[in-house]
Structures are given as structure tokens and as C-alpha cells.
Amino acid sequence: GAGVSQSPSNKVTEKGKDVELRCDPISGHTALYWYRQSLGQGLEFLIYFQGNSAPDKSGLPSDRFSAERTGGSVSTLTIQRTQQEDSAVYLCASSHPQVNEQYFGPGTRLTVT
Amino acid sequence: GENVEQHPSTLSVQEGDSAVIKCTYSDSASNYFPWYKQELGKGPQLIIDIRSNVGEKKDQRIAVTLNKTAKHFSLHITETQPEDSAVYFCAALSFQGGKLIFGQGTELSVKP
């Protein structure tokens, strides 16, 4: 079946602009996660959704970062007033209810110039 | 805070040899430990996982062992092949549920 999809695959933006990153989870997966991977680094947790609510948003780096999920499916991660340190690969994962396995999408590579 | 340490950061082996990657975790309440393989330009792929009620799990050439007392788990790849070359990440599920805490990754290179 279809896996987690993310769009765009690549995004280049100027410092100070806002960007929106989209994640479409596997059908039936109620949990959705956003992680960030900086060059050559491990994955850093950003936020977790169960349905449309976010019980854990402890990883969002600043108030410039926000995320929402509607209809228990697609999620959007928004970064306002982008900075060069926001450059990274943003990864989305989803999991089936009451199951720990998280399946990742291909990521969005964000470059802030 | 919650932390996962992974070693080595790079590992080079000859085709056919075994490779071992080790991780330690800080949160004794963690009960789920997945391993991911990430190829260049792709998202992480779940390759094997283990839960705290078992000590070892095997899937063909890949095995994972867990020592809860020592808070230590390892990935073992036998009969390595060039297509095993990738970055491997270990992770531990946070005691709060939901998020995974990742190690820093091991770049495995299998030389033909």
C-alpha cells in the first residue's frame, strides 16, 4: 500500500519568508510525528499528533514553528520568518493506533538562503 | 533528559563479515527499541525492533539484543553485503509515549 508522503521534496526559501511543509500519513494511522534531521545528525523530535490533537509539542524549537492536523489525516508544519538554522530535512512519520512502529516519509529538504 | 548514545559513528567492514552497532539509553521506563536504515536522500526505513519483554530477536541476517539491566541494545548484521551500506539509527520510545529518541547514527560501509 501507499506509504507516508511528503511535499514538497525540496524547498529553497529566502531568510524571513514563511514555509509550509505537508505530510500525508498512511491510511488508518491515527498517530503522526514530525522530526527534523540536520546535516549529518540524528533525528530530533518536533511534535506528535494523536488524531487532531497534539499531546506533545515539546520539541518545537521556537514560536516560529507550528503544526496542525485536520480530519485526522494530513498535517502541515509551518515555519514563520525562516532563519538559516532552520535548514534541515523535515521528516514525517505515522503509526497505527496502539502500535509503536513508526513509518517515515521521504522528507522535505529545506534550504534557507 | 532522555538520551540515546550510539557507537561507533562510522564502521567499515569487508563483504561477508559481521557488523555490530551498540546503543545505550538513559530512561529505564523505555520499553520499545527500533532500528532504522537510512540510504542517501531517503527517509529512515524500519528494519527491526525489540520490546523489553524479550532479550533477542532475529530476522534473517539481522538480529537485535537487549539488556534492560544495563540499558543497552545492539544490532548485529551477519554476512554483510554492499547493499547493507547506509546510515543506521537506533532509537528508544520515550516513557511519555509517542516520540522516539534517536541515537546519532552509524555510517556503515561494506567493501566488496
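Quick notes
- Long-range amide H partners of B:E15 with built H, under 5 Å: B:K111
- Proximal charge balance of A:R22 [Cβ under 13 Å; K/R count +1, D/E count -1]: -1
- Estimated translational D of the protein assembly as shown in µm²/s (Stokes, Kirkwood radius over Cα pairs; 10 °C; 1.306 mPa s): 88
- Cross-link pairs B:K71/B:K111; A:K57/B:K58; B:K37/B:K111; A:K11/B:K111; A:K11/B:K22 - those with Cα-Cα distance over 27 Å: B:K71/B:K111; A:K57/B:K58; A:K11/B:K111; A:K11/B:K22
- Per residue, the accessible area of chain B comes to 49 Å², computed with a 1.4 Å probe over protein heavy atoms only.
- Using θ = phi - 60° in the Karplus curve 6.51 cos²θ - 1.76 cosθ + 1.60, the 3J(HN,Hα) couplings for the stretch B:61-74 round to 8, 10, 9, 10, 10, 9, 10, 5, 4, 8, 6, 9, 9, 9 Hz; x is entered for Gly and Pro.
- Net charge dipole, the stretch A:17-93: roughly 60 debye, given to the nearest 20, about the Cα centre with Cβ charges of +1 for Lys and Arg and -1 for Asp and Glu.
- Area hidden from solvent between A and B (accessible, protein heavy atoms only, 1.4 Å, total, Å²): 1500
- Cα pair distances exceeding 22 angstrom across chain A, given as percent: 25
- In the stretch B:27-112, the GluC sites (Glu not before Pro) that fall in loop regions by DSSP, at most 13 other Cβ within 10 Å: B:E39, B:E79
- In nm, spacing of pseudo-spin labels at B:E107 and A:S38 (7 Å Cα→C-beta vector): 1.7
- Cα lying deepest toward the dipole's positive end in chain A, options A:G42, A:S94, A:T13, charges on Cβ: A:T13
- Within the straight-line cut-off of under 17 Å between alpha carbons, the aspartates and glutamates reachable from A:K15 are A:D63, A:E85, A:D86, sequence neighbours fewer than 8 places apart in one chain being disregarded.
- For the stretch B:16-103, the C-alpha radius of gyration divided by 2.2 N^0.38 Å, with N the number of residues, is 1.07.
- With every protein chain in place, the stretch B:52-94: carbon and sulfur % of accessible area (1.4 Å): 47
- Rounded to the nearest 20 debye, dipole of the protein assembly as shown from Cβ charges on Lys, Arg, Asp, Glu: 260
- Shielded by partner chains, the stretch B:91-106 residues - at least 40 Å² of accessible area, 1.4 Å probe, vs chain alone: B:G98, B:K99, B:L100, B:F102, B:Q104
- Computed on the Cα atoms alone, the convex hull of the stretch B:55-94 gives a volume of 84 cubic angstrom per residue.
- Proximal charge balance of B:A92 [Cβ under 12 Å; K/R count +1, D/E count -1]: 0
- Taking a straight Cα-Cα cut-off under 19 Å and skipping sequence neighbours fewer than 8 places away in the same chain, the aspartates and glutamates within cross-link reach of B:K99 are A:D24, A:E44, A:D56, A:E68, A:E101, B:E2, B:E5, B:D27, B:D49.
- In loop segments of the stretch B:47-112 as defined by DSSP, the chymotrypsin sites (Phe, Trp or Tyr not before Pro) with at most 12 further C-beta atoms inside 10 Å of their C-beta are B:F95.
- Between B:V4, B:Q96, B:Q38, the Cα set farthest toward the positive side of the dipole of chain B (charges on each charged residue's Cβ, about the Cα centre) is that of B:Q96.
The values are calculated or read from the model by the stated rules, or taken from the named source; none is laboratory data. In this text, all values refer to a predicted model and were calculated from it rather than measured experimentally. Virtual Cβ from ideal backbone geometry, glycine too; neighbours counted across all protein chains shown. Only protein heavy atoms, including side chains, enter the accessible area calculation; ligands, DNA and RNA are left aside. Shrake-Rupley method; radii C 1.70, N 1.55, O 1.52, S 1.80 Å.
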